[in-house]
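Input: a single structure, listed below in structure tokens.
The values are calculated or read from the model by the stated rules, or taken from the named source; none is laboratory data. Remember, predicted model here, so these are calculated numbers, not experimental data. In this analysis, Cβ positions are derived from the backbone assuming ideal geometry, glycine residues included, and neighbour counts consider all displayed protein chains. Remember, those area values only see protein heavy atoms, side chains included, never the ligands or the DNA or RNA. Shrake-Rupley method; radii C 1.70, N 1.55, O 1.52, S 1.80 Å.
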Amino acid sequence: MGEIQATEGIFGDGDLQGENTPAGEKEILRPSWDEYFMHIARAVSGRATCLRRQVGAVIVRDKRILATGYNGAPSGLAHCEEVGCLREERGVASGERHELCRGLHAEQNALLQAALHGIAVSGASLYSTHRPCALCAKMLINAGIREIFYGSGYPDELAERLLGEAGIRLNKLPSGNK
């Protein structure tokens, strides 16, 4: 059986030896729960098919993953990489005119996956590679999401105001993207 090794850039610096560990003993540095779920959100974003931004989302309650989602076209439809991006063609700025996108956002897909499989998400937390837009914020509010952890910002002041008014905590975490 091989030795457990940390991978640099995922959770830490790759050092298995802690500063306070006696010589000859190895301490495995484990990620915090927030780091762990953000790492999973980043991995989920790898499935995204959007040409502009790859976003991943993970819905968690009691340290258990309830659902995941990434941004892309609805099931069974051609992806943007196959048919092009209408928003790019029309020069639509990020954060505007969401109705001109054939894809769903990662947060929407995570909520839909939970609903499709009969999983209640009320009281859960969302881990997302990006802060939600206003459209997703409204859905997350109505779904009962209580807290959001995100890695990168998103240009949508209305979303931030709505989430604040609803009492949903926004927590910026290191994005982990290098």
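Cβ separations smaller than 9 Å between residues 6+ apart or across chains give the following pairs from the range 167-178 residues that are of a type in the set (A, V, I, L, M, F, W, C) to residues that are at pLDDT 60 or above and open to solvent by 60 Å² or more (accessible area, probe 1.4 Å): Ile168/Arg146; Leu170/Glu160; Leu173/Glu35.
When residues of the range 32-64 are filtered for being among the aromatic types (Phe, Trp, Tyr) and either in a strand (DSSP E or B) or open to solvent by 10 Å² or more (accessible area, probe 1.4 Å) (or both), how many remain? Explain how you work it out, then say what you get.
Narrowing the range 32-64 to residues among the aromatic types (Phe, Trp, Tyr): 33, 36-37.
Subsequent filtering for residues that are either in a strand (DSSP E or B) or open to solvent by 10 Å² or more (accessible area, probe 1.4 Å) (or both) retains 33, 36.
So the count comes out to 2.
Checked against (1) under 16 Å from Arg47 (Cα atoms); (2) surrounded by fewer than 17 Cβ atoms within 10 Å (Cβ to Cβ), Glu96 meets all criteria but (1). Here Ser122 meets the list (1) under 21 Å from Cys101 (Cβ atoms); (2) among the polar types (S, T, N, Q); (3) surrounded by fewer than 16 Cβ atoms within 10 Å (Cβ to Cβ) almost entirely, failing just condition (1).
Can you confirm whether Glu107 is over 19 Å from the mean Cα position of the chain (by Cα) and closer than 15 Å to Cys50 by Cα? Considered against the rule, which asks whether it is over 19 Å from the mean Cα position of the chain (by Cα) and closer than 15 Å to Cys50 by Cα, Glu107 comes out as no.
Residue-wise test of (1) in contact with a Lys or Arg (Cβ under 8 Å, 6 or more places away or on another chain); (2) at pLDDT 90 or above; (3) farther than 17 Å from Gly76 by Cα; (4) in a helix (DSSP H, G or I).
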residue	(1), (2), (3), (4)
Val92	no, no, yes, no
Glu96	no, no, yes, no
Arg102	no, no, no, no
Gln108	no, yes, no, yes
Leu111	no, yes, yes, yes
Ala114	no, yes, yes, yes
Gly118	no, yes, yes, no
Ser122	no, yes, yes, no
Thr129	yes, yes, yes, no
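Listed conditions (1) open to solvent by less than 70 Å² (accessible area, probe 1.4 Å); (2) closer than 15 Å to Glu147 by Cα are all met by Ala73, apart from (2). Within the range 147-162, is even one residue under 17 Å from Met38 (Cβ atoms), out of contact with any Phe, Trp or Tyr (no Cβ under 9 Å at 6 or more places or on another chain), surrounded by fewer than 18 Cβ atoms within 10 Å (Cβ to Cβ) and at pLDDT 95 or above? Yes, there is a match, as at least one residue in the range 147-162 is under 17 Å from Met38 (Cβ atoms), out of contact with any Phe, Trp or Tyr (no Cβ under 9 Å at 6 or more places or on another chain), surrounded by fewer than 18 Cβ atoms within 10 Å (Cβ to Cβ) and at pLDDT 95 or above.
Set side by side, the residues Ala67, Ala78 differ, and just one is closer than 23 Å to Asn171 by Cα, of a type outside the set (Phe, Trp, Tyr) and open to solvent by less than 80 Å² (accessible area, probe 1.4 Å), which is Ala67.
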